[in-house]
Amino acid sequence: MTTTDPEVRDELRATVRRWVEREVLPIASDFEHADTYPADLVGQMQAMGLFGITIQEEFGGLGLDLMAYIAVVEELAAGWMSLSGIINTHTIAASLIMGQGTPAQQARWLPGLATGAPRGCLSLSEADAGSDTRNISCRARRDGDEYVISGTKTWVTNGERAGIVALAARTDEGITCFIVEKDPGPTFGGITVSKNIGKLGYKGIETVEMFYDDHRVGADCVLGGEEGLGHGLGFILSALEVGRINIASRAVGVARAAFEHAIRYAQERHTFGKPIAEHQSIQNKLADMGTKLQAARLLTEHAAALKQSGARADVEAGMAKLFASETAFELSTEALRIHGGVGYTTELPVERYFRDAPLMIIGEGTNEIQRLVIARGLLRRYAI
């Protein structure tokens, strides 16, 4: 796999950071509190090519590596975490097609995904199949040259606005991944977006339930062709390594924003005749926050580099996701405490970080599941 020139990566990061400071930070909290979809910002992200960061240049993407991708995700999340979520599920869908799609499927779907029109999403979870992914009940029945899909999927980020859905459904061969084309909107063919799920944080981006009522797709929508039948869960779990690295880099972005707000405020706020940054108890907090932030970033970069090399990265992606998400939660809490009462108000974005951070602990596999993945991987490596 190609490695991006570090200078190109740094230039992209700097470009996105400037854009976030200019366009995102002034409006992020207002949009987040109103739970308003940032259509204009998404359009600007499309114009910058961010939806095609990792898609090969031959398909119209930027053709950059995962290190460039996580740099961009961190910058987006430091401004408003929901923006990185709009990119994440899209990139997972694109990664599935890049890694497992037939040449015809790649030529069919990747050029559009590279532009962000259509946008992609992943549909794996169900009410009884979240952590237990093998318990999927959504069914795809073969009918000549088509499959008829029935069932309900939940926790689908970007589900209403997406035009490409990477869908896990059960066939006679086992769990299969289908690439379902749809028009953006609440209904299309036999697909209904039946419920928009309200959330503590992660606002401004829809998370929905989708109901499939005998929706028909062609047999050519089976990811990987006939050989992909029954292998969909393996395809998706491999792609989720990218998703977990994304979650880790999102968490680094939120943790960084919380830390930077806290360390600035600690130098501005005075108590007992001096800045609170001169009190030892605050200095201890800042030292721990800065150390854990750097550790989270290094773990995330290591996982991305390993995945980029083509090596198996389930353990490393799990470690990065676990540590970075817990760090984001801890640092957002500490930032709230350092700010005191003003941190609890909506005047500052600190309370938004506090509400956004738990999503990374739960998303792309709960941290309890991550610990199982990590432990099993380590036991394989150190088997007696």
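The numbers here are math on the coordinates, done by the rules we state, and not lab data. What you see is a predicted model, and the numbers here were worked out from it, not measured in a lab. With ideal geometry, Cβ positions are generated from the backbone for all residues, glycine too; neighbour counts draw on all protein chains shown.
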Among I197, S125, G174, pick out the residue whose Cα is farthest towards the positive end of the charge dipole of region 115-207, where Lys and Arg carry +1 and Asp and Glu carry -1 on C-beta, about the Cα centre.
I197
With charges set only on the Cβ (+1 for Lys and Arg, -1 for Asp and Glu), what does the dipole of the chain come to about its Cα centre, in debye to the nearest 20?
900 debye
Size of charge dipole - region 255-326 - debye, nearest 20, with Cβ of Lys, Arg +1 and Asp, Glu -1, no other charges:
80 debye
When the chain is treated as a Gaussian network with springs between alpha carbons less than 10 Å apart, the largest mean-square fluctuation among Q280, Q100, Q294 is found at Q280
Give me the compactness ratio for region 164-270, meaning the Cα radius of gyration over 2.2 N^0.38 Å.
1.54
Which of the residue pairs K274/K321; K285/K321; K153/K292; K153/K321; K203/K285 have a Cα-Cα distance greater than 27 Å in the structure shown?
K274/K321; K153/K292; K203/K285
Run through the DSSP bridge list for region 38-195 and note the antiparallel percent, rounded to the nearest 5.
75 percent
For region 233-381, what D do you get in µm² per second when you plug the Kirkwood radius from alpha-carbon pairs into Stokes-Einstein at 10 °C and 1.306 mPa s?
99 µm²/s
With springs only between Cα atoms under 10 Å, which of T91, T171, T291 fluctuates most in a Gaussian network model of the chain?
T291
Mind pulling the angle between the C-alpha long axis of helix 66-79 and the longest principal axis of the chain? Nearest 10 degrees, somewhere in 0 to 90.
60 degrees
Rotationally averaged projected area of the chain (alpha carbon convex hull; nm²)
19.8 nm²
Honestly region 40-129 on the Cα gyration tensor test (a ≥ b ≥ c root eigenvalues; a/c under 1.5 rounded, otherwise a/b vs b/c for prolate or oblate) is just oblate
For the chain, with the dipole built from +1 on Lys and Arg beta-carbon atoms and -1 on Asp and Glu ones, taken about the Cα centre, which of G52, M319, A248 lies farthest toward the positive end?
M319
Under 10 Å, Cα contacts only: if you run a Gaussian network model on the chain, which one of M67, M81, M48 comes out with the highest mean-square fluctuation?
M48
Nearest 10 degrees, 0 to 90: helix 314-339 Cα axis against the chain principal axis
40 degrees
I'd like to know which of H339, A375, I362 lies farthest towards the positive end of the charge dipole of region 305-384, counting +1 on Cβ of Lys and Arg and -1 on Cβ of Asp and Glu.
A375
Order of T346, T154 - criterion: other Cβ atoms within 10 Å of each residue's Cβ, fewest first:
T346, T154
C-alpha center-to-center spacing [region 95-116, region 147-168] in angstrom
17 Å
How large is the dipole of region 1-120 about the Cα centre if only Lys and Arg carry +1 and Asp and Glu carry -1, each at its Cβ, rounded to the nearest 20 debye?
320 debye
